[in-house]
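The values are calculated or read from the model by the stated rules, or taken from the named source; none is laboratory data. Because the structure is a prediction, the values reported are computed rather than measured. Cβ atoms come from the backbone with ideal geometry, glycine included; neighbour counts cover every protein chain shown. With ligands, DNA and RNA removed, areas are computed over all heavy atoms of the protein, side chains included. Shrake-Rupley method; radii C 1.70, N 1.55, O 1.52, S 1.80 Å.
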Amino acid sequence: MARLVALVVVCIVLPFSRGIPVKPALEEKTQEYWNQKAKRDLDSALKMEPINHQAKNLILFLGDGMGVSTVTAMRILKGELLNTSGEAATLITDTFPYLALSKTYNVDRRIPDSAGTGTAYHCGVKANAKTVGVSGAAEPSKCSTTFGNEVTSVLHRAKEQGKSVGIVTTTRVQHASPAASYAHSVSRDWYSDADLSKDAIDGGCKDIALQLIENTDIDVILGGGRIYMTPQGTPDPEYPSSTSSKGLRKDNKNLISMWQEKHKSKVAKYVWNKMELDAVDLRTTDYLMGLFEPKDMKYELNRNKTLDPSIVEMTEKAIEILKKNPKGFFLFVEDNGRIDHGHHDTKAKQALTEGVMFDQAIQRALQMIDETETLTVVTADHSHVFTFGGNTYRGTSIFDLTPKLAQDGLPYTGILYGNGPGFSIVNGTRENITTVNYMDKDYMQQAAVQLDSETHGGEDVAIFAKGPMAHLFHGVKEQNYVAHALAYAGCIKPYTECPHRNNSVTIAQANSGLVAVLLSLSYLLGR
């Protein structure tokens, strides 16, 4: 991590290095290099066989806003930070054997939001934008249409079947993406009861924070969102003098205390900073709730590394607790909620750095689990109008200027946005960005159309899969297929009668059997 920060600092200190070409490695100029590389990949593909048995554990990594262009840019940045060729670098998902595309549209919108998409990949049913955990028959913000249209998530059904379950996010835990795993709400914005409309209150609709502790018995909850959990005016433990960080609840309920009371017969720990999280005895803890900011957690480049855990650390803690259950677990991890926010602000460095951390979290998770027992799926809810081009040379920073000027005689960065707050006209023309530090973490890349917030993109997003039944992810699928494939792989309702259940034997078990056979054979031969 120190190396990552150091390299980012170098990028900021040297802001005006125009795209100077770097000669490719000599080996890349030879036919043999590319032929041998392709042959190795081909040999690997020919040896690939599906793992055709039930998945004991399920991990769904969600990169909020992580479209294909973002994935590619993440890879390049990762390589740069490691001082290697960015284009030839490898994300951990690049090693996953199975890949599919997901069609992300909502029932009512071509360009989706994180609520409707969350309902699709969590619950297996496409929905309207702005709604979570309800079918497309529920109308946005109309409380009365909630009832009878609720749909349940794979996470909820996994818990009903005895698995441990958890959510990890760098946004607020009431954010649309995790909320779709436990809440039923016709408005993604009903974070606390203070956000409910009069119609919602009169109609008996519940806010998302209350549903977090009432609907599903979630074992691990890690992210931001303290402000929605405590009575109005309650000082925040980290920012006690901040009026904007005080509790918001009008019903005078302290949901954190209610959560603790609910689990008083178990070892349940609530923490609000990294030091407290590090002090938790994971061997004896049954339930863990960590809320590390009043609302969303900070960007990785802004993170207080003393008080705020990283996505990698939160993922690690979650798995340590969940994997104790002999029946297995379901874990949902969302990092790129902050990639999404970075893109909305047209701050590409913030967004892509979040992506690099997300990659590290996935890699750490794979180190902690048995890959023959765990289906790991990595996908996105939607894309963004984020692109990079401009005939840039290899070896230059992903954030650098292109080698040629535009027709207006001004330079431009390789990264651009189709719309957003990065739009800027100075004296009747596009801003001359050589007068600003375009390598700064908060620099807003230029946009073609001026908006307060950059919009999502509508193209398909990738699904990467590894582990038991990962071969179910192939081709081009509707986004709601993700939930069905996860449930089928884990023999979770409605797929409890799955034909691959009896095939559930780990490689470790198989190897044990082989060892026993060999020992017996050795004994017989030695007689």
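Quick notes
- At the residue level, residue 258 shows approximately 70 square angstrom of accessible surface with a 1.4 angstrom probe and all protein chains present.
- For region 126-152 versus region 173-208, the inter-centroid distance based on Cα atoms is 11 Å.
- Accessible-area rank, largest first, for 298, 159, 142: 142, 298, 159, with all protein chains present and a 1.4 angstrom probe.
- Measuring nothing but how far apart in sequence close Cα pairs (under 8 Å, 6+ apart) lie, relative to its length, region 146-201 scores a relative contact order of 36 percent.
- In sequence order, region 126-141 has phi-based couplings of 5, 9, 6, 4, 6, 10, 10, x, 9, 7, x, 6, 7, 9, x, 6 Hz under the Karplus curve 6.51 cos²θ - 1.76 cosθ + 1.60, θ = phi - 60°, and Gly or Pro positions carry x.
- Sorted into 10 angstrom bins from 0, the C-alpha pair distances of region 369-427 split as 17, 34, 23, 14, 9, 3, 0 percent.
- Low-density loop positions, trypsin sites (Lys or Arg not before Pro), region 397-498 - DSSP coil, at most 15 other Cβ in 10 Å: 404
- Inter-part distance where region 375-404 and region 444-458 are each reduced to a Cα centre, Å: 15 Å
- Ellipsoid semi-axes in whole angstrom, largest first, where each is sqrt(5λ) of the Cα gyration tensor of the chain: 36, 34, 22
- Rounded percent of accessible protein surface that carbon and sulfur make up, region 173-263, 1.4 Å probe: 49 percent
- Mean separation of Cα contacts under 8 Å, 6 or more apart, over the residue count of region 191-348: relative contact order %: 21 percent
- The value given for region 307-351 is a Kirkwood hydrodynamic radius of 12.4 Å, derived from the mean inverse Cα-Cα separation.
- Here the contact order of the chain, divided by its residue count and restricted to Cα pairs under 8 Å and six or more residues apart, works out to 25 percent.
- Mean accessible surface per residue for the chain, computed with a 1.4 Å probe while every protein chain stays in place, in Å²: 43 Å²
- Separation of region 72-116 and region 240-291, taken as the distance between their Cα centroids, equals 33 angstrom.
- Percent of beta bridges antiparallel (DSSP, the chain, rounded to nearest 5): 35 percent
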